Amino acid sequence: MSEYARYFTGYPANIVEQVLGLIKAAKVSEYLLKKYPQAHHITSDKLLYSYATELKKQYLKNAPPFGRAAFKKQGDMVTNALGTHTYRMQGKTRKHDLAINSDLLRAPEPLLKALVVHELAHFKEKDHNKGFYKLCCHMEPQYHQLELDLRIFCVAIAMGENPYN
């Protein structure tokens, strides 16, 4: 159980205790299903691109052009990455690309949204600073709770227990 504590580094001790208690009681899936009863229906790169593009249009109108979006296997969801944001030059235009961990193909939509919002925020803010998190919260007011729940979802995946399969 303590191997999952690394997923919650930086959280207050009382939150970490609560989450580790949830893990110890084997109630991670129950918690997630109660809060988020079903998985999203964004099951292709094309649908992910449309989803991310709509969020960008709504919140980041003046951001550089959007390039590609894809679900990709990216190893351990915490050690490696849940998602990545990269940019490339296409002629004189900088295009931003998103890659979302394929383990999120079967996840609740609010958790996918939190990750997409996180990666889109990198269009404007490269570092995880105050401005970055302010932008995340602008795009998704429940961002901090969803980020915590996304980490709990990561624990379920690491335990081999995706409740949405």
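The values are calculated or read from the model by the stated rules, or taken from the named source; none is laboratory data. Source: prediction; values computed, not measured. These accessible areas exclude ligands, DNA and RNA; they are computed on the full protein's heavy atoms, side chains included. Shrake-Rupley method; radii C 1.70, N 1.55, O 1.52, S 1.80 Å.
Output yes when any residue across the range 123-139 is within 25 Å of SER2 (Cα to Cα), at pLDDT 90 or above and not in a loop (DSSP other than H, G, I, E, B), and no when none is.
No - not one qualifying residue is present in the range 123-139.
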Flagged in the range 30-71 as part of a loop (DSSP other than H, G, I, E, B), open to solvent by 20 Å² or more (accessible area, probe 1.4 Å) and modelled with pLDDT under 95, in numbering order, are THR43, LYS61, ASN62, PRO64, PRO65
Across the range 140-162, what is the total count of residues that are modelled with pLDDT of 95 or more, open to solvent by 30 Å² or more (accessible area, probe 1.4 Å) and part of a loop (DSSP other than H, G, I, E, B)? 2
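Hey, among the residues in the range 83-97 that are at pLDDT 65 or above and open to solvent by 10 Å² or more (accessible area, probe 1.4 Å), which one's farthest from TYR36 (Cα to Cα)?
Quick first cut of the range 83-97, residues at pLDDT 65 or above only: 95-97.
Applying the additional criterion that residues be open to solvent by 10 Å² or more (accessible area, probe 1.4 Å) yields 95, 97.
Working: LYS95: 33, ASP97: 28 Å.
The residue in question is LYS95.
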Selected residue [of a type in the set (A, V, I, L, M, F, W, C) and in a helix (DSSP H, G or I)] from LEU115, LEU98: LEU115
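For the range 101-112, which residues satisfy the criterion of being among the hydrophobic types (A, V, I, L, M, F, W, C) and in a helix (DSSP H, G or I)? First the steps, then the outcome.
Of the residues in the range 101-112, the ones among the hydrophobic types (A, V, I, L, M, F, W, C) are 104-105, 107, 111-112.
Within the range 101-112, LEU104, LEU105, LEU111, LEU112 qualify.
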